[in-house]
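Scroll down for the structure; my scribbles are underneath it.
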Amino acid sequence: MARKRSAIEHLENGRVPHIVHQIPPGAPGYREAKGGAMVVSSPAEIDALIRRIEPGHVATLDDLRQALAKRHKVAVACPVSTAIFANMCARAAEERRASGVAVDALTPWWRVLKSGGFLNPKLPGGVERQAALLAAEGVRSSPLRKQFAVYDFAARKADLEDL
């Protein structure tokens, strides 16, 4: 049986972004693209994008997708692969933390939110861990409609236009 690869190995697998010019009907991003092309990013590209979000700022997965689409000059970025790769970056950062890597050298995955500024329960440690890491940077979160959200996420949004 094959050995299970670590998140770091998945992150550093050498995969490169590619453009899907003809999105099949019903596929994620089809309606949003409106006949345009879609980029399927890479774990390394998502990791590099997240690393550029400064302390005290946040970005949503949709913000990351918009920045990727603009970078690759396409209509949209794949919503599924972007979310998977962002989660992969978070798991790899926590593996690095466990192996003794300094906190300032980690990918700041806790700065990536779901749409509407909500914390992501699928990230390592759930919303409690994400809230604690954000609080350490002065970013407050509180319950909103039974889910935790960043209090002032619109004012704290990172400028991803030049990333």
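Applying 0.36 nm per residue to the separation of LYS73 and ARG3 and subtracting their alpha-carbon distance, the gain on full extension is 21.4 nm. Taking every DSSP bridge with both residues inside the chain, close to 60 percent are antiparallel.
Rounded to the nearest 0.05, what FRET efficiency do SER99 and ARG52 have when you use their Cβ-Cβ distance and R0 = 25 Å? Please report the intermediate quantities before stating the final value.
On the way: r = 23 Å, r/R0 = 0.93.
Approximately 0.60, to the nearest 0.05.
Counting lysine pairs in the range 7-150 that sit 8 or more residues apart in sequence, or on different chains, and whose Cα atoms lie under 19 Å apart gives 5.
Inter-part distance, the range 2-64 to the range 98-160, computed on C-alpha centroids, equals 19 Å.
Using the Cα centre as the reference, give the magnitude of the dipole from point charges on the C-beta atoms of the chain (Lys, Arg: +1; Asp, Glu: -1; all else neutral), rounded to the nearest 20 debye. Walk me through the numbers on the way to the answer.
Numbers: 24 positive and 17 negative charges, 99 e Å.
Here the chain has a charge dipole of around 480 debye.
Of the residues ASN120, ASN87, ASN13, the one that moves most in a GNM of the chain with alpha-carbon contacts below 10 Å is ASN13.
What is the gain in length, in nm to one decimal, between LYS146 and VAL80 on full extension, counting 0.36 nm per residue of separation less the C-alpha to C-alpha distance? Before the final figure, lay out each step's value.
Numbers: separation 66, 0.36 × 66 = 23.76 nm, distance 2.44 nm.
This chain segment gains 21.3 nm when fully extended.
Short-range pairs are left out: with C-alpha atoms under 8 Å and at least six residues apart, the relative contact order of the range 1-136 is 26 percent. Candidates GLY36, CYS78, CYS89 compared by Cα position along the dipole of the range 1-111: farthest toward the positive end lies GLY36, with charges placed on Cβ. Here are several values of Cα Rg over 2.2 N^0.38 Å: [x] 1.65; [y] 1.05; [z] 0.96. Which one was derived from the coordinates shown? Correct label, based on the coordinates given: [y]. Considering only HIS57, HIS72, HIS18, the Gaussian network model of the chain with Cα springs below 10 Å gives its largest mean-square fluctuation to HIS18.
Tally Lys and Arg at +1 and Asp and Glu at -1 over the other residues with C-beta under 14 Å from the C-beta of ALA135: what net charge comes out? Result for the local shell: +1.
Computed from the coordinates by the stated procedures, all read-outs in this text should not be read as laboratory data. Worth saying up front: this structure is predicted, and the values here are computed from it rather than measured. All Cβ positions, glycine included, derive from the backbone under ideal geometry; neighbour counts span all protein chains shown.
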